[in-house]
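One structure below.
The values are calculated or read from the model by the stated rules, or taken from the named source; none is laboratory data. Just so we're clear, the structure is a prediction, and the values are computed from it rather than from any experiment. Because the Cβ atoms are built from the backbone with ideal geometry, glycine has one as well, and the counts that use them run over all protein chains shown. To get the accessible areas, we keep the full protein, side chains included, count just its heavy atoms, and leave off ligands, DNA and RNA. Shrake-Rupley method; radii C 1.70, N 1.55, O 1.52, S 1.80 Å.
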Amino acid sequence: MPKILIVGGGYAGFYTAWKLEKQLRKGEADVTMVDPLPYMTYQPFLPEVAAGSIEARHSVVAHRRHLKRTHVVTAKVTKIDHAGKVATITPPEGEPYEFAYDQIVVTAGAVSRTFPIPGIADNAIGLKTIEEAVAIRDRLMSNFDKAASLPAGPARDRLLSVVVVGGGFAGIEVFAELRSLASSLVGKYPQLTFDDTHFHLIEAMGRIMPEV
Ligand SMILES: Cc1cc2nc3c(=O)[nH]c(=O)nc-3n(C[C@H](O)[C@H](O)[C@H](O)COP(=O)(O)OP(=O)(O)OC[C@H]3O[C@@H](n4cnc5c(N)ncnc54)[C@H](O)[C@@H]3O)c2cc1C
């Protein structure tokens, strides 16, 4: 039976496996999907998760729950020798091993760009994973708790300042969602007012949201 290897179980990889399950006849091909995460993240919902408008679990789809005929492997593909049609799979535990395939679908996604901006890689939180979205929400909420016990001044200003780098679709959406969360949090802290919170959007180009 021909072997199909899907690298990545994100939006493209998960849908590839799901559609193949529907279209392939029994015994027509053997499909394996490899991803270090056991779920597909629906990234368009990450700004809503960051603001708590929806629950984190509602933005992910468990691979094993929805893929019945695909071999799901929770590991990383760390090498592809396409001339020899062999991929190296590195699991979280145990030794890397080789996997021979006939067809390969590479859908390993993208990473947040940090550009050569000092401090970004060390201090900023990206917005590609559910963990990052939850970390943004945790940071904003715990900053409000800390700020409430400080007098007005630079230390409190820093805690109540949100900087979004990048005015693309995701940047604008998370900016709006976090502004909305901060506005509703202000009402819960009598010591703080709307004017104490500071939101900055930084975009290098002369316009925002080029996608739309
Ligand atoms: C905040 C945000 C909002 C968005 N909003 C929209 C929207 O409104 N509309 C829209 O159309 N698009 C939107 N997008 C874009 C859309 O989510 C992406 O285009 C889409 O997720 C890309 O799918 P993908 O499968 O290529 O990558 P991903 O969905 O990122 O999946 C990649 C997968 O590969 C896995 N992987 C990585 N490395 C390896 C490896 N070495 N081995 C195995 N697996 C690996 C990852 O764990 C991940 O599961 C948004 C994106 C973001 C971040």
* Give the number of residues within region 116-162 that are surrounded by 11 or more Cβ atoms within 10 Å (Cβ to Cβ) and assigned to a loop (DSSP other than H, G, I, E, B). => 10
* Taking interchain pairs and intrachain pairs at least six residues apart, which have beta carbon atoms under 9 angstrom, with the first residue in region 119-132 and touching a residue at least 12 places away in the same chain (Cβ under 8 Å) and farther than 19 Å from G9 by Cβ and the second more than 16 Å from the ligand (Cβ to nearest atom) and open to solvent by 60 Å² or more (accessible area, probe 1.4 Å)? -> A124/I117; A124/V163; I125/R139
* Note down all Cβ pairs under 6 Å where the first residue falls in region 14-42 and is not assigned by TED's automatic domain parsing to the domain that holds A133, the second is within 8 Å of the ligand (Cβ to nearest atom) and open to solvent by 40 Å² or more (accessible area, probe 1.4 Å), and they're at least six residues apart or on different chains. => P36/K76
* **Failed criterion for E93 (all others in (1) within 25 Å of E132 (Cβ to Cβ); (2) within 23 Å of the chain's Cα centre (by Cα) hold)** => (2)
* Quick one: count up the residues across region 163-200 that are buried (at least 19 other Cβ atoms within 10 Å of the Cβ), touching a strand residue (DSSP E or B) at 6+ places or on another chain (Cβ under 7 Å) and part of a loop (DSSP other than H, G, I, E, B). => 0
* Just for helices (runs of 4 or more DSSP H) wholly inside region 1-112: which have at least 2 residues that are within 15 Å of the ligand (Cβ to nearest atom), open to solvent by 40 Å² or more (accessible area, probe 1.4 Å) and of a type outside the set (S, T, Y)? -> 11-23, 63-66
* Filter result for the condition that a residue is among the aromatic types (F, W, Y), assigned by TED's automatic domain parsing to the domain that holds T129 and closer than 22 Å to Q43 by Cα, over F169, F194 -> F169
* Asked: When you go through E203, E211 one by one, which is the residue that is at pLDDT below 95 and crowded, with 16+ Cβ neighbours inside 10 Å?
  -> E203
